[in-house]
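**Student:** Let me give you the structure first, and then I'll get to my questions.
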Amino acid sequence: MTAPAAATPQTAASRPLVIDALSAGYADTQVLWNVSMRIDPGEIVALIGSNGAGKSSLLGAVSGVVSTWSGSVRYGERSLTGVEPDRIVSAGVVQVPQGRRLFGSLTVEDNLRMGAYLRNDREVESDLKRMLDLLPRLRERYDYLAGRLSGGEQQQVAIARALMARPQMLLIDEMSLGLAPVLVDQLIELLAQIHQTGVSILIVEQDVQTALEVSSRAYVLETGRVTLSGPSAQLLDDPLVKKAYLGV
Ligand SMILES: Nc1ncnc2c1ncn2[C@@H]1O[C@H](COP(=O)(O)OP(=O)(O)OP(=O)(O)O)[C@@H](O)[C@H]1O
Ligand SMILES: [Mg+2]
C-alpha cells in the first residue's frame, strides 16, 4: 500500500453506507424503530434530534456495539449487520464516540497508536507524523496524559485516534458538546479538511445550527424514528426544525 498524498491518512470512500429499516435496543427495551438512512461516498450527513432520541444508539448499531433486532446496515456490498466492532473498523467505518472515551491515563501518543491497533501495514509511523502536522497542538501535547488535556484538545485526540484507523467513513458523536464556539469552529475546519480527502462523514450533533451548516443532507430522529429528512439548507428553513431545534 502506498501512502496517500493527502494531509490525513485515511482513504477516500467509494461505497455508500445504507441503513435499512433498522430496529434496535438494549435487553428488552427497543430504542430504534424502522430507521432508514443513506450516506453516499464523500457526503457529510447530519443526524439531529433531542436528548435520548436514539442518535448514539444508531451510531452504536452501525459500529456493532448495539445489537440490531431487525433490518440491516450495509457498507457497499458488505453487510455490517451483526458484525464484530473490530471488523467494522477494519472495513473502514470508524466512530468518534460521544464523550471522547480516551484512555485518560495514557499519553496522547499512545491514544493515537491505539487507533491503529488493527492495522498491520508499515505506515503507522508516517501517519502519526501526518497527524501531528495536521494538529500541531497535539505535537505540543504528545507526551501528556490524555486525561489532563482540555476538552478541545481531547476532542482533537479523539478525532485523530479515529483517523489513525484510516477510515473511509467517520461517525462523529457530539463533537461540539461542552466546547467554546471558537474551538467548535476549529474542529469544523478540521472536518472540512478530512472531508476534502474524500472521507464520508456522519455527524450527530445537538448543535443543530452547526450540524445543518456543515452537512449537505440531514435526518431528524425523534424517539427512535426518522421523522424528517432532506437537504440541510431546506431543513434550516423548515418551520418545525426552527421551532423544535433552533429556538426561532
Ligand atoms: N446502555 C444502555 N442500556 C439501556 N438503555 C440505554 C442505553 N444507552 C442508551 N439507552 C437508552 O436508549 C435511548 C436512546 O439513547 P441514546 O443515547 O441513543 O440517545 P441520544 O439521542 O444519543 O441522546 P443524547 O442526546 O443524550 O446523546 C434512551 O432512552 C436511553 O436511556
Ligand atoms: Mg448521544
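**Student:** Let me spell it out: the conditions are (1) more than 16 Å from ligand 1 (Cβ to nearest atom); (2) farther than 17 Å from Ser200 by Cα; (3) modelled with pLDDT under 95; (4) not acidic (Asp, Glu), and Ser72 meets all of them except one. Which number is the exception?
**Tutor:** All conditions pass for Ser72, except number (3).
**Student:** Sticking with this structure for a sec: Only one residue in Gln234, Gln168 is free of Cβ contacts under 8 Å to residues at least 12 places away in the same chain and either within 16 Å of ligand 1 (Cβ to nearest atom) or within 22 Å of Ile19 (Cβ to Cβ) (or both), so which one is that?
**Tutor:** One residue alone meets the criteria, Gln234.
**Student:** Tell me which of these Thr223 doesn't satisfy, since it passes every other one: (1) on the phi > 0 side of the Ramachandran plot; (2) among the polar types (S, T, N, Q); (3) touching a Pro at 6+ places or on another chain (Cβ under 8 Å).
**Tutor:** (3)
**Student:** Out of Ala53, Ala61, Ala91, I need the residue that is surrounded by 15 or more Cβ atoms within 10 Å (Cβ to Cβ) and under 22 Å from Ala12 (Cβ atoms). Which one?
**Tutor:** Of Ala53, Ala61, Ala91, the one residue that is surrounded by 15 or more Cβ atoms within 10 Å (Cβ to Cβ) and under 22 Å from Ala12 (Cβ atoms) is Ala91.
**Student:** Another one. Scan Gln30, Gln98 and give me the residue that is under 14 Å from the mean Cα position of the chain (by Cα) and of a type outside the set (A, V, I, L, M, F, W, C). I'd like the intermediate steps shown before the answer.
**Tutor:** Details: Gln30 fails: under 14 Å from the mean Cα position of the chain (by Cα).
It is Gln98.
**Student:** So Ala53 fits all but one of (1) in contact (Cβ under 8 Å) with a residue 40 or more places away in the chain; (2) within 16 Å of ligand 2 (Cβ to nearest atom); (3) in contact with a helix residue (DSSP H, G or I) (Cβ under 7 Å, 6 or more places away or on another chain); what number is the exception?
**Tutor:** (3)
**Student:** At least 3 residues that are in contact with a Lys or Arg (Cβ under 8 Å, 6 or more places away or on another chain) in each: list the helices (runs of 4 or more DSSP H) lying fully within the range 81-157 that qualify.
**Tutor:** Qualifying helices (runs of 4 or more DSSP H): 108-115, 124-134.
**Student:** Let me ask something else about it. Contact list please: Cβ distance under 9 Å, first residue in the range 96-117 and on the phi > 0 side of the Ramachandran plot, second residue within 16 Å of ligand 1 (Cβ to nearest atom) and among the polar types (S, T, N, Q), pairs at least six apart or on different chains.
**Tutor:** Arg100/Gln155
**Student:** With the requirement that a residue be free of Cβ contacts under 8 Å to residues at least 60 places away in the same chain and either surrounded by fewer than 16 Cβ atoms within 10 Å (Cβ to Cβ) or touching a helix residue (DSSP H, G or I) at 6+ places or on another chain (Cβ under 6 Å) (or both), what does the range 171-185 give you?
**Tutor:** Initially, the range 171-185 is screened for residues free of Cβ contacts under 8 Å to residues at least 60 places away in the same chain, giving 176, 178-185.
Correct list: Ser176, Gly178, Leu179, Ala180, Pro181, Val182, Leu183, Asp185.
**Student:** Follow-up. Quick test for you: out of Glu174, Glu222, pick the one residue that is within 16 Å of ligand 2 (Cβ to nearest atom), more than 17 Å from the chain's Cα centre (by Cα) and of a type outside the set (A, V, I, L, M, F, W, C).
**Tutor:** Residue meeting the stated conditions: Glu222.
The values are calculated or read from the model by the stated rules, or taken from the named source; none is laboratory data. None of the values given here were measured: they were computed from a predicted structure. Note: ideal-geometry Cβ built from the backbone for every residue, glycine included; neighbour counts use all protein chains shown.
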